[in-house]
2 protein chains.
Amino acid sequence: MGKTVETFENITYNELQEGDTASFGRTLTEDELVLFAAVSGDVNPVHLDPEFAAGTPFKERIAHGMWSGSLISAALATVMPGPGSVYLEQSLNFRRPVKLNDTLTVTLTVLRKDPKDRVLLKCEVHNQDGKMVVTGEAKVIAPSEKQVLEKPRLPKITIDRG
Amino acid sequence: MGKTVETFENITYNELQEGDTASFGRTLTEDELVLFAAVSGDVNPVHLDPEFAAGTPFKERIAHGMWSGSLISAALATVMPGPGSVYLEQSLNFRRPVKLNDTLTVTLTVLRKDPKDRVLLKCEVHNQDGKMVVTGEAKVIAPSEKQVLEKPRLPKITIDRG
């Protein structure tokens, strides 16, 4: 049996239309809390320590706000417009906390095509209850040429909780 | 010999003054590229595959733009104002690519204190050559009460490159 090769394909500036939408989803597990703390350096215990988090207004561990931001960037980089995009600007409004096992869906909508391949996109992140957790806008340079890429396989990451 | 316990202390709304600055630094290694791809889902090969990246305008692997955003959020959450802050808004302008072994420094500056503990901060990220890579502004609710916290120790994370 052959290995399945996953590919992803971009949407060029010429193909994009105002009103086009695309989505991208991820679930928050303890792994994301640890990995995001490690990669950003934000080791605030509200994300890491269940006992500490129980004494905060959130009552339990919550995601780093910028984890939702990273999902928006992943949606832009891998789905719409996808590979070959250049990220120029992002605004983020953090509306609600994200809790363990919440499944977030990023929805991107093309708001406007500007000269020089610039595209403005509305970015909304909802949880599994349909509540808005983050909103914002992104400005990118959309790719001018079609690309179909193999998805790189990530090395195995092991978290040793001891 | 006792274990060293690292602590971090917040800066309350009353303590913050317009013009106050604080900084936070990190270096981009291959680990950050893999971990950020894993935690965000952005597996674009420009961040992961040296051969692919060589054929892009960047000529080599670059950081996920939102990794710089995550450093800004870490600076806000752990340094100024630090623990107890609530993240409301962030704007990001991505100015230059970040390459392997670049050391980034986030500099935060208090631009304005608003009613209801709101604080507006200027966020600048420079590389080791003093070039601006990201700029933006953050709005947070600063903590009203002093907190001195132990820094949680992260579990050991192993990346198996096989």
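At-a-glance table
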{"item": "Residue-averaged beta-carbon neighbours from other chains (10 angstrom radius) around B:60-71", "result": "5"}
{"item": "Listed residue pairs exceeding 23 Å between alpha carbons, taken from A:LYS131/A:LYS151; B:LYS116/B:LYS146; A:LYS99/B:LYS151; A:LYS116/A:LYS151; A:LYS139/B:LYS122; A:LYS59/B:LYS151", "result": "A:LYS131/A:LYS151; A:LYS116/A:LYS151"}
{"item": "10 Å Cβ neighbours from other chains, averaged over peptide B:43-55", "result": "4"}
{"item": "Debye equation applied to the C-alpha atoms of the protein assembly as shown, log10 I(q)/I(0) at 0.08, 0.15 Å⁻¹", "result": "-0.35, -1.29"}
{"item": "Exercise: per-residue mean of other protein chain Cβ atoms within 10 Å, A:26-34", "result": "2"}
{"item": "Solution diffusion estimate, µm²/s, Stokes-Einstein, segment A:8-146, Kirkwood Rh from C-alpha pairs, 20 °C, viscosity 1.002 mPa s", "result": "137"}
{"item": "Over chain B: helical MRE at 222 nm, DSSP H runs n ≥ 4 each giving -39500 (n - 2.57), nearest 500", "result": "-5500 deg cm²/dmol"}
{"item": "Among A:LEU149, B:THR27, A:ALA74 the positive-end extreme of the charge dipole of the protein assembly as shown (Cβ point charges)", "result": "A:ALA74"}
{"item": "Rh (Kirkwood; distinct C-alpha pairs) - segment A:65-162, Å", "result": "14.8"}
{"item": "Label point distance in nm, B:ILE159-B:PHE58, each placed 7 Å from Cα along Cα→Cβ", "result": "1.4"}
{"item": "Rounded to the nearest 20 debye, dipole of the protein assembly as shown from Cβ charges on Lys, Arg, Asp, Glu", "result": "180"}
{"item": "Net dipole in debye of segment B:8-146 [+1 Lys, Arg Cβ; -1 Asp, Glu Cβ; about Cα centre; nearest 20]", "result": "360"}
{"item": "Cα-based helix-to-principal-axis angle, A:65-78 vs chain A, degrees rounded to 10", "result": "30"}
{"item": "Label geometry 7 Å along the beta-carbon vector: A:THR21 inter-copy distances in nm", "result": "4.5"}
{"item": "Helix A:30-40 vs. chain A, principal-axis angle (Cα, 0 to 90°, nearest 10)", "result": "70"}
{"item": "Protection proxy ranking of A:49-59, A:4-14 - average other beta-carbon atoms within 10 Å, highest first", "result": "A:4-14, A:49-59"}
{"item": "Solvent-accessible area per residue for segment A:47-147 (1.4 angstrom probe, square angstrom)", "result": "41"}
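The values are calculated or read from the model by the stated rules, or taken from the named source; none is laboratory data. Remember, predicted model here, so these are calculated numbers, not experimental data. In this analysis, Cβ positions are derived from the backbone assuming ideal geometry, glycine residues included, and neighbour counts consider all displayed protein chains. Surface areas here come from the heavy atoms of the whole protein model, side chains and all, with no ligands, DNA or RNA. Shrake-Rupley method; radii C 1.70, N 1.55, O 1.52, S 1.80 Å.
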